[in-house]
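Reading through the C-alpha cells given below for one structure.
The values are calculated or read from the model by the stated rules, or taken from the named source; none is laboratory data. In this text the structure is predicted, and so the values were computed from the model without any measurement. Positions of Cβ are generated from backbone atoms using ideal geometry, with glycine treated the same way; all protein chains shown enter the neighbour counts.
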Amino acid sequence: MADASTPQPIHLKDYRVPDYLVDRVDLDVRLDPAATEVTARLALRRNPEIAGYNPLALWDTHFVRELDDSGYIDGLYNKKGGAS
C-alpha cells in the first residue's frame, strides 16, 4: 500500500469533460503588510459538449426496480405503520 504522502499518478482516462469552461479570470491583488486582499472574478459558460449529458444514464438501477417490484420496500413501510 502506498504511503499517503507519496504522490499517486493521475491518468488521462480518469478525467472527464468539465461542466463549465473558463473564458476569463480577472484578479485584483492588493498587497498590504497587515492584510493582503485578493479578489477574483470569473467569466464562465456551460460547456456545449455536455449539453446532452445525463449522469443518471450511467447508473445501473435495475436492482432498485427489482426491490420495488417485489414489494419489499412497501413491506418495510407497512411494518413500521407507514403509508400503505
Name the pairs whose Cβ atoms lie under 6 Å apart, with the first residue in the range 29-44 and assigned to a strand (DSSP E or B), the second surrounded by 10 or more Cβ atoms within 10 Å (Cβ to Cβ) and among the hydroxyl-bearing types (Ser, Thr, Tyr), and 6 or more positions between them or separate chains? Leu44/Tyr20
Log entry, pairs with first residue in the range 1-22 being over 18 Å from Tyr53 (Cβ atoms), second being at pLDDT 80 or above and exposed (fewer than 10 other Cβ atoms within 10 Å of the Cβ), beta carbons closer than 7 Å, six or more apart or on different chains, reads Ala2/Gln8
(1) modelled with pLDDT of 85 or more; (2) exposed (fewer than 10 other Cβ atoms within 10 Å of the Cβ) all hold for Arg16 apart from (1)
Any idea which residue in the range 34-66 is surrounded by the most Cβ atoms within 10 Å (Cβ to Cβ), counting only those that are modelled with pLDDT under 80 and aliphatic (A, V, I, L, M)? Val64
Output the residue which, of all residues in the range 14-28 that are among the aliphatic types (A, V, I, L, M) and in a strand (DSSP E or B), is nearest to the chain's Cα centre (by Cα). Leu21
